[in-house]
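Bear in mind that the values in this text are calculations on the coordinates, not laboratory data. Because the structure is a prediction, the values reported are computed rather than measured. Neighbour counts are summed over all protein chains in view; Cβ atoms, including those assigned to glycine, are modelled from backbone coordinates with ideal geometry.
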Amino acid sequence: MKYIVSYGGGVDSTAMIFKLVQDKEPLDYVVFADTGNEHPETYFFVNNYMKPYLESKNITFVIVYPFKKRSLWTRCFQRKVIPDMLQRWCTRDVKVKPIHKFYKTLKSDIIQYMGIDYQESHRMKPSGENWITNSYPLIDHKMNRNDCIKLIESLGFPVPVKSGCFFCPYNSKARWSELKQNYPALYKLAQVLETNNKHQSQTLIRLTEKDEISLCDGVCMT
Ligand code: SF4
């Protein structure tokens, strides 16, 4: 049996790793599926905080990639599509498949720790594979989002930003506004993707109150 964190780089999965280590729970690997298009802050946090932390605890950190290392943006551009909130093909292709491919190399049953907090317990679900069992430590410990933030801060780490691709269709209005203001080049890339989309009835960028949606962290959890 192997014990593995499916790591998104956001608050919940970061706090879950700290909690597992604190409680001396079994943990063999932390796996991060890199879409090639995470927010710059996420890459900074992963490289400068999480990787060194895991090294110090002798926990193996693994990065997996989709599409032979082409980014999700490139994949979308080449196919003239955008991520689809209804079909969720991007989550499946850039997160679930590369992670499961890595799991299979281990030739073992897997306990997959999922960083979903107590307030989000309705999002618990089976893995869909009889050799992968999902486990939800934050829910077991009744840890909500604030508890996660407190744990991260108590250990002296900065609180990571919400994880996900910079052009994720689940972005809230505030997140799109932040992207436009702080990373105009990335915002431009999102615009390019939207313009390039062959299904012009679909939209990606939401900057009006009417279109605002706000979804929980870890939308891409496997
Ligand atoms: S973060 Fe958004 S765009 Fe990226 S894979 Fe997940 S659902 Fe798709």
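Things to note:
- The charge dipole of region 1-111, taken about its Cα centre with unit charges on the Cβ atoms of Lys, Arg (+1), Asp and Glu (-1) only, comes to about 640 debye.
- Ordered by the number of other Cβ atoms lying within 10 Å of each residue's own Cβ, fewest first, Met50, Met1, Met16 fall into the sequence Met1, Met50, Met16.
- For region 97-159, the alpha-carbon coordinates run over 37, 26, 17 Å along the three principal axes, in decreasing order.
- Structure remark: mean-square fluctuation, Gaussian network model of the chain, C-alpha springs under 10 Å; the largest value among Leu106, Leu27, Leu86 belongs to Leu86.
- Among the chymotrypsin sites (Phe, Trp or Tyr not before Pro) within region 52-136, those in coil by DSSP and having at most 15 neighbouring Cβ atoms inside 10 Å are Trp131.
- Entries in Lys162/Lys188; Lys19/Lys68; Lys51/Lys101; Lys51/Lys125; Lys57/Lys104 that, when Cα-Cα distance is taken, lie over 30 Å: Lys19/Lys68
- Folded to 0 to 90 degrees: helix 173-182 orientation relative to the chain principal axis, Cα: 80 degrees
- Segment Arg88-Glu25, extension gain: residue separation times 0.36 nm, minus the distance between their alpha carbons: 19.5 nm
- Here the Kirkwood formula, the inverse mean of 1/r across different C-alpha pairs, assigns region 29-151 a hydrodynamic radius of 16.4 Å.
- Inter-label distance, nm, simple model (7 Å from Cα along the C-beta direction), Lys68/Val159: 4.3 nm
- Distances between placed amide hydrogens fall under 5 Å for Asp109 paired with Lys2, all partners being 5 or more residues away or on another chain.
- Computed P(r) (all Cα pairs; the chain; 5 Å bins; percent): 1, 7, 14, 19, 20, 17, 12, 7, 3, 1, 0
- Potential lengthening between Tyr49 and Asn130 on full extension [0.36 nm per residue; Cα-Cα distance subtracted]: 25.8 nm
- Folded to 0 to 90 degrees: helix 11-22 orientation relative to the chain principal axis, Cα: 10 degrees
- Cα-only radius of gyration and Dmax that characterise region 111-201, units Å: 17.6, 48
- The spacing between region 100-130 and region 40-82, judged by their C-alpha centroids, is 18 Å.
- Between 0 and 90°, nearest 10: helix 145-154 axis offset from the chain longest Cα axis: 60 degrees
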